[in-house]
Structure formats: structure tokens, C-alpha cells
1. So how much slack lies between A:ARG40 and A:THR184, counting 0.36 nm per residue of separation and subtracting their Cα-Cα distance, in nm?
2. Using a/c under 1.5 as the rounded threshold, could you call segment B:153-253 rounded, prolate or oblate? The axes a ≥ b ≥ c are square roots of the C-alpha gyration tensor eigenvalues, and prolate needs a/b larger than b/c, oblate otherwise.
3. From zero up to wherever the largest Cα-Cα distance of segment B:162-207 sits, split into 5 Å bins and tell me the percent of pairs in each.
4. Using all Cα-Cα distances in the protein assembly as shown, what percent lands in each 10 angstrom bin from 0 up to the longest?
5. Suppose the Debye formula is applied to equal point scatterers at every Cα of segment A:162-227; what is log10 I(q)/I(0) at q = 0.13, 0.17, 0.23 Å⁻¹?
6. On the first, second and third principal axes, largest extent first, how far apart are the outermost C-alpha atoms of segment A:259-323 in Å?
7. Kindly state, to the nearest 0.05, the FRET efficiency for B:ALA41 paired with B:PHE189, given R0 = 22 Å and r defined as their beta-carbon distance.
8. Return B:LYS61, A:LYS148 ranked ascending by Cβ neighbour count within 10 Å, so the fewest neighbours appear first.
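We did not get these values from a lab; they are worked out from the coordinates using the rules stated. Note that the coordinates shown come from a computational prediction; the quantities given were computed from them, not determined experimentally. Cβ sites come from the backbone with ideal geometry, for glycine too, and all protein chains shown count toward neighbours.
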Amino acid sequence: MSLSLRRGLSAAAESQASGPGPVPKAGAAIEVRHLRKTYRATVAVDDISFSVREGEIFGILGPNGAGKTTTVECVIGLRSPDRGDIRVMGLDPQVDREELHVIVGAQLQASALPGQLKVGEILDLYHSFYAGAADLGEIMDSLGLAEKRNAYYRSLSGGLKQRLSIALALIGNPKVAVLDEMTTGLDPQARRDTWQLIEQVRDRDVTIILVTHYMDEAERLCDRVALFDRGKVVAIDTPEGLADRVGVGKRVRFVPSGPFEDRLLTGLPEVSRVEHDGEHVVVTGSGELANVVILALAKAGVTATGLHLDSANLEDAFVALTGRHLHEQVTGRVHR
Amino acid sequence: MSTYAWLLPARTPRSAFSKLLQGETKIAWRMPIGLITGVAAPVLVLIIMGIFPGMSKSEAKLGGLTWFGVYFPILIAISVAVLGLISLPTHLATYRQQGILRRISTTPVPPAWMLSAQVLINLALAVIALGILTVAGTIGYGLGAPRQLPGFLLALLLAIAAMFALGLWVSAIARTAAAASGIGQLILFPSLFFAGLWIPREVMPAALRDIADWTPLGAAVQALQSSMKGVFPPTQSLLVMAAYAVVFGFLAVRYFRWE
């Protein structure tokens, strides 16, 4: 439920991303402007715009059928948009496909490797595809694949297949990595291992687009998240910024060591409401709520015990922004 | 050029294709559809034929050829047909169905390289089958060299082109590996019939033989047998094979989907 408390940037991020569509800036690794893609009568992606900064992990979060996969398939040049403009490190995916695939590593859904090849053979093969490839041994070590190098691909567990897939996405030393639903179907431990891995990749200065329908994944990994729904971008912000947009904001619940005047807290800009629930006090507000409440109480010589912090998360944000739950099925929409 | 052009390394390294070919060879060895159906099966038929006496006696009703001389082109045709219609499309359709082609199409390597590698491997298997059949035939059945060698080689080349083009077309229209194998067999068995596997051309009713002459494998056997006897293959047989190669090659390119 509760978010990690890296909040400093949220206000700035909120004001930056509050317009109808982000303004692509110079130095953006990926720019998507007014992207539209239809499959026969179905509109998969309708006027989507966003911009990904160099070095950031950009999440695309939304329910099935929201247009996430279609969007990234257009970004890596596998599908041609009906309308709109895409630039990846300055390249047009439709025109500069070959150059694009040199600098973009992809981990896609519905893609596989030959089951009759061994892990080491597959890595060696994909390594040969790139003139500026990463060091094979280092990739194998950092992804824990070295001891599996003689295992056949078909014998690998889901987690290992996914790990190999991520290794192949990174083996060409890409500037941009596109990871689509990389933890779908993995057990919780394998998911957490994969997350750790992505955090290591972040340190390599790779710009990452992470497609997911898991909000905890987006909250943990992404610098910014675009919420997709029914082929449109609903909002783009930091995970915390998105959560802050939800009216409820945060709630701090505690037992004060002694009586105090409500005015002490209601006067604070972060606080919107103070309620009493038996011996408990419940303060609703936003921003650095817990810190300012504790500080204000301390000044009055009151300590807060049994402190409990609730905050809205991405799921709440999604519900607030779309009126639907993240895992609700969208019917009548093509999803690949 | 773009701002980031300087970041680009040179294009795909040349060694990538040979690595790809190595990988595909390993797969062909570890999942030996082509090896079993395209090489082992015709050789097995050859061995079985050895059990029957009189295979290497020349017969008047066979135009002075031995039974083995008649069956040698048929065995070659079986090998080429099976490699083209079963091995090639099954591999390619599997690759597409499983997303292996999709995966490779996000790398700097063109997925068409995978096609080329598969064609080369099946071509190599055809050469291996031809080699084994020739050596075994020469040693075990007193098979002589084709009396019209250029005609024989031309007929062989066109037969491979026609059957591989058909196979590529099958892999283009089949959505799944199962469908590819099904469609491949649907074409394979009538083809083998017209090639004379069960009733050799020499003893086929004339009407049937006329039909066979218009099928790619019937034309192939006609051209190969003619060369064995020392007569340059009939123009019609060569044109029939060439036509199948061109038409189905075009259709394959036109309708092939990477995913």
C-alpha cells in the first residue's frame, strides 16, 4: 500500500506534466507525438504523445488492451503507425529501422528463441549481431546465466527464460531498452530478482521503456509513468505525483502522547483535515504529511506513537482518473 | 543525418550470418526432421530395395534400364520433395509461430537471413542425400553415372528450385507449424504418386503419365530419368519445373509474414 518516500521531485514533475501532452524537448531519448494505430475497425492507439528523457526508466502502465504493446511495437519499428511521429535517439523507426535496431534492445511479448539451442549458444549468436556488443562474460555473470550456459532453452524455467531475454535485450549495448511485460507469469521471487536486475541496468545509463500492468512494478522501478487507458494517455507523472493527484492524498494515523489543539495541525498547508477516532488522531493531507505533523507536534511537546502512514497508490490513481480498475478487462479491443 | 548518427557502430558484422548458419545447423542436427525424412528415409528405401533380387538387371519394359536405374531418380525426387515440402516449411512456420522470427526482427539482423540459412541447410541435406544414394547405388547396385550429366544437373537444380519454392509458399500461407506440416503433406503425397514412387512412370497408364508431366515432381523424375538414359531432358519438363519455381517463389515472397 504505502509508497516509498522519495517525494522531492513530485511537485516539479506534476507541474511539468500537467499539460494535455508533454512537450518533446531536445535531449529526449524517445519522442512520440500524436501516435494513432488502428487494426481494421478497432482503434488500438488514439493520439498518444509522450517523451522519455535519456537515462530514465519510463513506465507504460495500463490494463490489457490499453494500447501499450502497440505503442512500443511502433517505437521499435515493428508496426507502422497510421498517423503520428516517432523519434528514438533521433531516428525514425520506419525509415532508419536497421540503425534503430543497433541502438535499441527489445524484450517483447510473444517472442521466443529456438528450444534446441543452449543458453550459451544463443548468447553467442546474438552477441555476433552487434558490432559494439557488450562483453559476453560480463552479461552472463551479471544476469546469473553463466552456470546455465549449457542448458537448452526449452528446459529453462520461466524466470530464466525472462532473464535470458533481458540479457539479449542488453547484449548489443543498447542506448534504449524496451521491456514489455517482463515479469508477467513469474513467481514473486523471480519478479523481485528481475526488478533488481533492472535497477542494475539503470546504472548503465540505458534509457528504459517498461511496459507493465503491475502497479507495484511501476512504483518500484519507474522514474515516470504514463497511465494508458483505451488507447489514450490518461496522465504522465512520477508514481508519487500520480498518487498525489488523487483527492485523498495521504493519511497519517497516530496516538498522541498528550492532548493538543487541532489548530496546531489544521494551520499547516499540507493538512486538509484532522479527525479523532477514540484515542487515535487521523490527519489527511498531502506532500510530506508525516514529517510536518510530527514536527509540529514535537514543537508543542507532543509525540506521536503508533504512527501509521497510508497513501494513495497508482491503483488508486488509475481508478480516480479512469473510473475503472487496472485489472478490469476491456472488451472488444484487439490486444496482442 | 541524425544527431545520434555518431553513436552507431558499423552495420551488422559479417560473422553474424555464419553464426546464424551454425546455430541453424545445430538445430537441424538436434531436431532432425530434414535429416530423418529427407536423407534417412530415401536411403532406407534404397536398403529395402536391396532385399529384392533383380533390381540391378536391365529390363526391356523399362527401356533397357535396371529397376534401380528407374528408382534412383525417384529416390532423389523423394529427398528433394520431403526437404522442400516438410522440413523447410515446418521449421519456418515453427519459427514464426513461436515468435523466433519476431525476436530476430528486432535485431540488426534481417529475418530474411533465417530463411536463407534454412534454404542452405536443406540444400546441404539434399546434396548429402544425393551423395549417399549415388555412392550406395554405384557400389551396391551397379549404378552408372548419368549418361547426360549436364541435363541431369540442370534437372536436379530445377527440381530443387521448384520444390523449395513450393515449400516456402507453404510456410508463407500456413499460420501454424501444424498447418505447415499438414499442407506440406497434402502436396507431398500426390507429388510422390506422380513421381512414380508406387507406379513408376514407365508402367503408368499414358493418361496418368500425361498428368504427371505437368506436376513438378513428375516433371523432375521425367527429366532425371531421361538424363540417366543419356537423353537431354524434354523442354516441357524443364519449363514445368521452372514455372513452379517462379510462380510459387513469387507467391512466397509476396505473402510471407514474419509474425
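1. Length gained between A:ARG40 and A:THR184: 49.1 nm.
2. In terms of gyration-tensor shape, oblate.
3. 6, 21, 23, 17, 13, 10, 8, 3
4. 3, 15, 20, 18, 14, 11, 8, 5, 3, 2, 1, 0, 0
5. Debye output, listed in q order: -0.31, -0.55, -1.05.
6. So the extents along the principal axes, rounded to whole Å, are 43, 24, 16.
7. 0.95
8. The most exposed by this proxy come first: B:LYS61, A:LYS148.
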